[in-house]
Amino acid sequence: QLQLVESGGGSVQAGGSLRLSCAASGHPGGNIFMGWFRQAPGEEREGVASIRSLGSTQYADSVKGRFTISKDIDKNTMYLQMNGLKPEDTAMYYCAVGYGLLPTLVRSDYRFWGQGTQVTVSS
């Protein structure tokens, strides 16, 4: 089945930037949407950003204006550009893929998940 691998995480000072990548292998077929989620220790996994094949996007209020989700169809890769990072952005970040017509930040709507990449923002 579809496999997803995240990369690009690391440690950065507050106000810095990181770009996460999610490489996909396999062909799920149908209409799909892609997304980024994050989970801090002791917290519930939350949706960060989502994008549909045709480009429509959705963002969590906490990251609007700072994060940008994008995709490269030829490379089967999606990205999360994170600017103006804050300590509260510290979490394990996961990429995910689901089937549907619109982007969504609902965790249960996604079928395929990567193993995560750690992002740590120090103050």
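Selection of first residues in the stretch 1-30 that are more than 14 Å from Y99 (Cβ to Cβ) and part of a loop (DSSP other than H, G, I, E, B) and of second residues that are of a type in the set (D, E, K, R) and open to solvent by 60 Å² or more (accessible area, probe 1.4 Å), restricted to Cβ pairs under 7 Å at least 6 apart or on distinct chains, gives the following pairs, ordered by first then second residue: G8/R19; A14/K86. Restricting attention to the stretch 3-35 and to residues that are touching a Lys or Arg at 6+ places or on another chain (Cβ under 7 Å) and either farther than 16 Å from Y93 by Cα or of a type in the set (K, R) (or both), the residue that is surrounded by the fewest Cβ atoms within 10 Å (Cβ to Cβ) turns out to be A14. Counting only residues that are in a strand (DSSP E or B) and open to solvent by less than 20 Å² (accessible area, probe 1.4 Å), which one in the stretch 95-111 is farthest from M78 (Cα to Cα)? Result: G98. Within the stretch 46-74, the residues that satisfy the criterion of being surrounded by 16 or more Cβ atoms within 10 Å (Cβ to Cβ) and not in a strand (DSSP E or B) are A60, V63. Checked against (1) within 11 Å of the chain's Cα centre (by Cα); (2) modelled with pLDDT under 95, Y59 meets all criteria but (2).
The values are calculated or read from the model by the stated rules, or taken from the named source; none is laboratory data. Not measured: the values here are computed from a predicted model. For neighbour counting, all protein chains shown are included, and Cβ atoms are generated from backbone atoms with ideal geometry for every residue, glycine included. In case anyone asks, the SASA skips ligands and DNA or RNA and just uses the protein heavy atoms, side chains included. Shrake-Rupley method; radii C 1.70, N 1.55, O 1.52, S 1.80 Å.
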